[in-house]
1. Determine the residues within region B:110-129 where the difference in accessible area between the chain on its own and the full set of protein chains amounts to at least 20 Å²; count protein heavy atoms only and use a 1.4 Å probe.
2. Could you work out, for chain A, what percent of all Cα-Cα pairs fall into each 5 Å distance bin, beginning at 0 Å and stopping at the bin that holds the largest distance?
3. Direction-averaged shadow area of the convex hull around the Cα atoms of region A:38-105, nm²?
4. May I ask you to work out the translational diffusion coefficient for the protein assembly as shown at 4 °C, viscosity 1.567 mPa s, via Stokes-Einstein with Rh from the Kirkwood sum over Cα pairs, reported in whole µm²/s?
5. Tell me the total accessible area that B and A bury against each other, 1.4 angstrom probe, in square angstrom rounded to 100.
6. For a Förster distance of 35 Å, can you work out the FRET efficiency between the beta-carbons of B:I62 and A:V103, rounded to the nearest 0.05?
7. If we restrict to alpha carbons, what Rg and Dmax does chain B come to, in Å?
8. At 1.4 Å probe radius, can you tell me the per residue accessible area of chain A in Å²?
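The values are calculated or read from the model by the stated rules, or taken from the named source; none is laboratory data. As the structure is a prediction and not an experimental result, all values here were calculated from the model. Note that each Cβ is placed from the backbone with ideal geometry, even for glycine, and that neighbours are counted across all protein chains shown. The protein model used for the area step is the full one, side chains on, heavy atoms only, and it has no ligands, DNA or RNA in it. Shrake-Rupley method; radii C 1.70, N 1.55, O 1.52, S 1.80 Å.
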Amino acid sequence: MSRFRNPARRAIGLGSAKSGAQHWWMQRMTAVALIALCIWFVVMLLSMLHADYASAHAVLARPWNAALMIAFTSAMFWHAQLGLAVVIEDYVHTRWLEFSLIVLVKLFAVLFAIACALAVLRIALAG
Amino acid sequence: MAQTGRPLSPHIGIYRWQVQMATSILHRATGIALSIGTLLVLWGLMAMASGAGAWIHFEAFITSIVGLILMIGWTWALMFHLCNGIRHLLQDTGMGYEIPQFVRSGWLAVIVSLALTLAIWAWLAMGGVA
Ligand code: HEM
């Protein structure tokens, strides 16, 4: 993300040396993706209003729906994890606790994103 | 904080309420609420993948009184965070920073999100006829 940094920062070699620009950019990229994905998600849920288990399962098993659902859950956990890290940084001022919470949130976000993707695959590939 | 004797800004005790601060706080609050809501998406997908037996428990929860209240809350949280998030992204491009524009877009996010929530649940309550 060096292109978002002030050229003077590179020239003088000063700056926080952290990864704020990358974090900020990924929060925006996932937000843009989530605009479309959230609208799709809500519309699909509304269309399932009268569906029983078998027909809801069949709707999600369609190739595009399965792909979009994996995209949605991946972007969602990525975005949530980035956002929660900022919230934790703002309110938790005990260094070890702050660090531990951020790591814990990241690990669970990855685990849950994998679990969602596998669940969708299982639905999509079921006989 | 260093005791400089200078006035603090914002001075919480005498700060006038403004829509800008409400939307800012609400964006964070709805972001946290939606992060908790991700667990419901996880549960729903896991239940659907597990089979009809597990799905019944999920369905029973989201159609219970507590479940419905949570679902209505999450609907508004998502609609507000979505509208205000789009506002955030437009402001990131440098748009809308004049104070009157900032106030107007803030109210717009609040009102549109409430209208969308109302429209979704009115449609659901009528059994989805459209
Ligand atoms: C799908 C569920 C979503 C979850 C769980 C979620 C969660 C979060 C969280 C926890 C934050 C941090 C809040 C803060 O720092 O105060 C955040 C920030 C943000 N969200 Fe979302 N969000 C979701 C959807 C969206 C959508 C659809 C958009 C659409 C534009 C969006 C746009 C943003 C933006 C722009 C920020 C950064 C705000 C800032 O820098 O102050 N989010 N989100």
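1. The answer is B:I120, B:W123, B:L124, B:G127.
2. All Cα pairs, binned at 5 Å, distribute as 2, 9, 14, 16, 15, 13, 11, 8, 6, 4, 2, 1, 0 percent.
3. Numbers: hull surface 23.8 nm².
That works out to 6.0 nm².
4. 62 µm²/s
5. Working: alone 9520 and 9010 Å², together 15930 Å².
The contact between A and B buries close to 2600 Å².
6. That pair, B:I62 with A:V103, gives E of 0.65.
7. Looking at chain B, its Cα Rg and Dmax stand at 19.8, 66 Å.
8. Values: 7770 Å² over 127 residues.
Each residue of chain A exposes 61 Å² on average to a 1.4 Å probe.
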